[in-house]
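What follows is one structure encoded as structure tokens, with my remarks underneath.
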Amino acid sequence: MTLDLPLVARGKVREVYDAGGDRLLLVASDRISAYDHVLPTPIPDKGRVLTQLSVWWFDQLAPVLARFGATHHLLSATDVPASVAGRAMLVRRLDMLPVECVARGYLSGSGTREYERTGAIVDVVLPPGLVEGSQLPEPVFTPSTKADVGEHDEAIDFARVVSLVGAARAEELRELTLALYRRGAEIARDAGIVLADTKVEFGLSGGALVLGDEVLTPDSSRFWPASSWSPGAAQPSFDKQYVRDWLTSSGWDRVSPPPELPDDVVAATRERYVAAYEQLTGTSFR
Ligand SMILES: N#Cc1c(N)ncnc1-c1cnn(CCN2CCOCC2)c1
């Protein structure tokens with residue numbers, strides 16, 4: 001696919017193009033990453049499913065944004081080039097804030113390792129006795145700075161957020177991120193999905209706060225099947241467990257270039273993305 005638009009940014013699985021004026025085009029590919037590697041085998045329709053899921057979440061979360069006097073950056077998901085139909089969003093160009101706003105409702109991944117060392121996640125002290133997969137007493141805000149492509153984001157404390165965006169804006173980011181997470185987790189739970197954590201990004205437009213990027217997708221969030229949630233071990237990923245299990249069984253060393261995925265793992269993974277969309281939205285993916 002070649003788009004006749006200037007490339008602005010490229011992530012592991014998505015690109016940003018200049019769509020002219022104060023608009024950008026966010027394009028989601030069918031690429032999938034696992035264990036910090038972009039795999040060579042695409043998952044058909046992954047870009048379309050995750051784009052349509054973001055579009056649905058922007059609508060679901062608009063009332064939460066409005067309570068904070070904020071909006072989102074989506075302009076259109078249909079007024080896009082035919083070559084990327086269904087997997088692109090035309091968005092308002094924002095002055096992006098240099099903070100990855102992470103909300104966690106459950107203990108997982110790097111958060112667990114840090115908690116086991118310090119009893120906290122950066123400056124957020126947690127109660128004793130929590131294990132991998134534990135639900136936290138309350139959702140917590142654990143921001144990070146945006147890393148360069150291929151690098152890990154650096155967890156930062158709230159004081160650093162204040163130094164980056166000012167005290168009032170930092171408080172607003174924390175409260176709005178937690179409110180978006182709470183509403184998303186409530187909707188997801190009703191659909192049989194645990195929203196363990198999520199990362200959102202904000203920008204400014206005319207001084208007003210605007211929710212940008214993708215929102216509450218399996219790429220920006222940890223989705224766990226609620227039926228198998230059992231604290232005390234790594235929780236199965238709603239969408240990536242087939243891929244992770246096959247990569248582990250393949251003997252791949254997680255350092256050398258990753259192997260191609262077999263057709264059955266590709267098909268099963270595609271079905272998991274479609275299932276996430278259909279369970280959350282209550283509509284059929286087309
Ligand atoms: N969204 C948005 C947005 C906006 N609305 N206005 C200005 N800049 C951006 C922007 C540009 N890059 N990023 C980081 C997230 N990227 C997403 C795609 O994939 C690469 C990483 C955000």
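The values are calculated or read from the model by the stated rules, or taken from the named source; none is laboratory data. In this text, all values refer to a predicted model and were calculated from it rather than measured experimentally. Here the Cβ positions follow ideal geometry from the backbone for every residue, glycine too, while neighbour counts run over all protein chains shown. Just so you know, the surface numbers come from the protein's heavy atoms only, side chains and all, with ligands and any DNA or RNA stripped out. Shrake-Rupley method; radii C 1.70, N 1.55, O 1.52, S 1.80 Å.
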*asked:* So in the stretch 1-60, with the set limited to residues that are closer than 27 Å to Ile187 by Cα and aromatic (Phe, Trp, Tyr), which one is nearest to the ligand (Cβ to nearest atom)?
replied: Phe58
*Counting only residues that are out of contact with any helix residue (DSSP H, G or I) (no Cβ under 8 Å at 6 or more places or on another chain) and not small (Gly, Ala, Ser), which one in the stretch 125-139 is farthest from the ligand (Cβ to nearest atom)?*
Pro128
*So, of the residues in the stretch 76-93 that are open to solvent by 20 Å² or more (accessible area, probe 1.4 Å) and either within 20 Å of Ala234 (Cβ to Cβ) or touching a residue at least 40 places away in the same chain (Cβ under 8 Å) (or both), which turns out to be nearest to the chain's Cα centre (by Cα)?*
Arg87
*Determine if the stretch 255-274 includes at least one residue that is in contact with a Gly (Cβ under 7 Å, 6 or more places away or on another chain) and either open to solvent by 10 Å² or more (accessible area, probe 1.4 Å) or polar (S, T, N, Q) (or both).*
no
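Based on what the data block shows, is Thr198 under 15 Å from His72 (Cβ atoms), in contact with a Phe, Trp or Tyr (Cβ under 7 Å, 6 or more places away or on another chain), in contact (Cβ under 8 Å) with a residue 60 or more places away in the chain and open to solvent by less than 70 Å² (accessible area, probe 1.4 Å)? Walk me through it before giving the result.
Values: under 15 Å from His72 (Cβ atoms): yes; in contact with a Phe, Trp or Tyr (Cβ under 7 Å, 6 or more places away or on another chain): yes; in contact (Cβ under 8 Å) with a residue 60 or more places away in the chain: yes; open to solvent by less than 70 Å² (accessible area, probe 1.4 Å): yes.
Considered against the rule, which asks whether it is under 15 Å from His72 (Cβ atoms), in contact with a Phe, Trp or Tyr (Cβ under 7 Å, 6 or more places away or on another chain), in contact (Cβ under 8 Å) with a residue 60 or more places away in the chain and open to solvent by less than 70 Å² (accessible area, probe 1.4 Å), Thr198 comes out as yes.
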*Complete set of residues in the stretch 181-229 that are part of a strand (DSSP E or B) and aromatic (Phe, Trp, Tyr)*: Phe202, Phe223, Trp224
_Can you tell me which condition Glu100 does not meet? The list is (1) more than 12 Å from the ligand (Cβ to nearest atom); (2) under 28 Å from Ala159 (Cβ atoms); (3) of a type in the set (Asp, Glu), and all the others hold._
(1)
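Confirm whether Asp239 is surrounded by 14 or more Cβ atoms within 10 Å (Cβ to Cβ), touching a Leu at 6+ places or on another chain (Cβ under 7 Å) and assigned to a loop (DSSP other than H, G, I, E, B). Step through it out loud before you land on a result.
Numbers: surrounded by 14 or more Cβ atoms within 10 Å (Cβ to Cβ): yes; touching a Leu at 6+ places or on another chain (Cβ under 7 Å): no; assigned to a loop (DSSP other than H, G, I, E, B): yes.
For Asp239, the condition - surrounded by 14 or more Cβ atoms within 10 Å (Cβ to Cβ), touching a Leu at 6+ places or on another chain (Cβ under 7 Å) and assigned to a loop (DSSP other than H, G, I, E, B) - is not met.
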